[in-house]
Amino acid sequence: MPRTPHTSKRSHVRNPRVGIPAALGAALAVVGGVLIWSPAGQAGAAPTPRAEAGFTAVAAGDIAERCTKSSSSCEHPKTAALVGQINPSFVLTMGDNQYDDARLADFKKYYDTTWGAFKAKTHPSPGNHETYDPDGALAGYKSYFGDVAYPDGEPYYSYEQGNWHFIALDSNSFDDDAQLDWLKADLAANTKTCVAAYWHHPLFSSGEHGNDPVSRPVWKLLYDAKAELVLNGHDHHYERFAPQDPDGNADDNGIVELLGGMGGANPYKIEEVQPNSEKRITDTFGVAKLNFTDTGFSWNLVGTDGSTEDTSPTYSCH
């Protein structure tokens, strides 16, 4: 039966859905289709609409099978073509960038010929297939992506764009206290309003791999830091979840999860629909076109035929 939503454990000054400041005594008006605000006592003054900065990113996981565009069944050339058409500010990947063992030679032969066109603006994260390299776990991944994947000598890092703080993590080693300690310090030092994090193994999934509890400690840290968005791969389908807490309780002030394992690998089936799962699509390849503003976010799932397969709600930052 449906899970009963729990009362939020946190209090914010913004409505989590529409993001209107809850300042007492303020006046709201719509001018030219733009929502504007003026302080108490100044409602009669001519208000000035505030422009909101925005940017676009593209996200996907589970990307480069060992095939090329000469094969009509090869999908990663098609998803790469979408990235080129969208021309995002940057690209982020949620692991299993290269199959099957993620050797450097395979990165060069397959991934590099398609998604490699965007290597200069890609912020990757590793998946389990990157650990299968006979030359050592993540050896080919590290050699191919270089310092961008290891800016501080570890396969986890953070960066910023606009009012957003982005965190790339290595879920192959979530049992490593050093990574968790780094994440705690990174979140404590963050000065941006909005936070998104991404890695390979999802805490919540309705697919063949299902829920992976290895991610729960990371979710708890992100939840306590009022993070907005988590992106994952691993299961080869698309799925979005309503905001929830690390225990899977519906929470309007919780974290939104986007599972985007549709970058090019063989699709998986939906096995057991999880609570708070709002949309599931399999047998579709594409990318998530992420739309960020200084105060919120939304996304579209774009299929390889150029069609919009799903549109998320618009969320506001906590």
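The values are calculated or read from the model by the stated rules, or taken from the named source; none is laboratory data. What you are looking at is a predicted structure, and each value in this text was computed from that prediction instead of being measured. Cβ coordinates were reconstructed from backbone atoms using ideal geometry, including for glycine residues, and neighbour counts include every protein chain displayed.
Cβ-Cβ contacts under 8 Å between residues 6 or more apart (or on different chains), taken from a first residue in the stretch 162-191 that is farther than 24 Å from Asn97 by Cα and at pLDDT 95 or above to a second residue that is in a helix (DSSP H, G or I) and of a type outside the set (Val, Ile, Thr), are listed as Lys184/Leu221; Leu187/Leu221; Leu187/Leu222.
Every listed requirement among (1) buried (at least 18 other Cβ atoms within 10 Å of the Cβ); (2) not in a loop (DSSP other than H, G, I, E, B) is met by Pro88 save one, (2). Considered as a group, the residues in the stretch 236-265 that are buried (at least 21 other Cβ atoms within 10 Å of the Cβ), of a type in the set (D, E, K, R) and free of Cβ contacts under 8 Å to residues at least 60 places away in the same chain include one that is farthest from Cys67 (Cα to Cα), and that residue is Glu257. For the stretch 286-318, filtering for residues that are over 26 Å from Asn163 (Cβ atoms), outside any strand (DSSP E or B) and in contact with a Leu (Cβ under 9 Å, 6 or more places away or on another chain) leaves 2. Selection within the stretch 207-235: residues that are polar (S, T, N, Q) and surrounded by 22 or more Cβ atoms within 10 Å (Cβ to Cβ). The member of this set that is nearest to Leu187 (Cα to Cα) is Ser215.
Is it fair to say Gly136 is in a loop (DSSP other than H, G, I, E, B), modelled with pLDDT of 95 or more and of a type in the set (Gly, Ala, Ser)? The answer is yes for Gly136. Taking the stretch 115-143, which residues are over 21 Å from the mean Cα position of the chain (by Cα) and crowded, with 23+ Cβ neighbours inside 10 Å? Listed by number, the list holds a single entry, Gly140.
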